[in-house]
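Have a look at the structure below before the remarks.
Any read-out appearing in this document is the output of simple, stated calculations on the displayed coordinates, not a laboratory observation. Because the structure is predicted, anything quoted here is derived from the model rather than measured. Cβ placement follows ideal geometry from the backbone for every residue including glycine, while neighbour counts extend to all protein chains displayed.
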C-alpha cells in the first residue's frame, strides 16, 4: 500500500516533479535525469531516493546501469484517494447549480 503522506511529500519538490515528468517519457539513468539540472550526481540521487521510497519510481538493474521508471501503482493510489473528493465536489457543484437555477427562475 502506498503511503500517501510520503507520496505528497515527495511531490512537494519541483525538482522531483520535473524528474517524474521526464520519466513519463520512459526510463532514464541518473546521468540522463541530471542533465537538465545544475546539481551534482549525489544531489539528484537523493531526490531519486525520496521518489523511490515513496513508491513513485522503481529501479531496474541492467549490468552497471540502473535506469529508473515510473511506478504506476503509486499514481493509482493517488487517483483512488482523489476520487473520494471528486464525488464530494461534484455533489456540491450539483447543489450549487440547483440553487442558481432556482434563483434564476425566481428573478423576473
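Relative to the longest principal axis of the Cα atoms of the chain, the long axis of helix 14-24 makes an angle of roughly 80 degrees.
Packing here is the average count of other Cβ atoms within 10 Å per residue, and on that basis the peptides 86-93, 18-25, highest first, run 18-25, 86-93. Per-residue ellipticity at 222 nm from helix content only, as computed over the chain with -39500 (n - 2.57) for each DSSP H run of at least four residues, stands at -21500 deg cm²/dmol. The C-alpha atoms of the chain define a longest principal axis, and helix 72-106 lies at about 20 degrees to it.
The radius of gyration of the Cα set in the chain, together with its Dmax, comes out at 20.6, 76 angstrom. Any chance you could give the angle, 0 to 90 degrees and rounded to 10, that helix 41-53 forms with the longest Cα principal axis of the chain? Relative to the chain, helix 41-53 is tipped by roughly 50 degrees.
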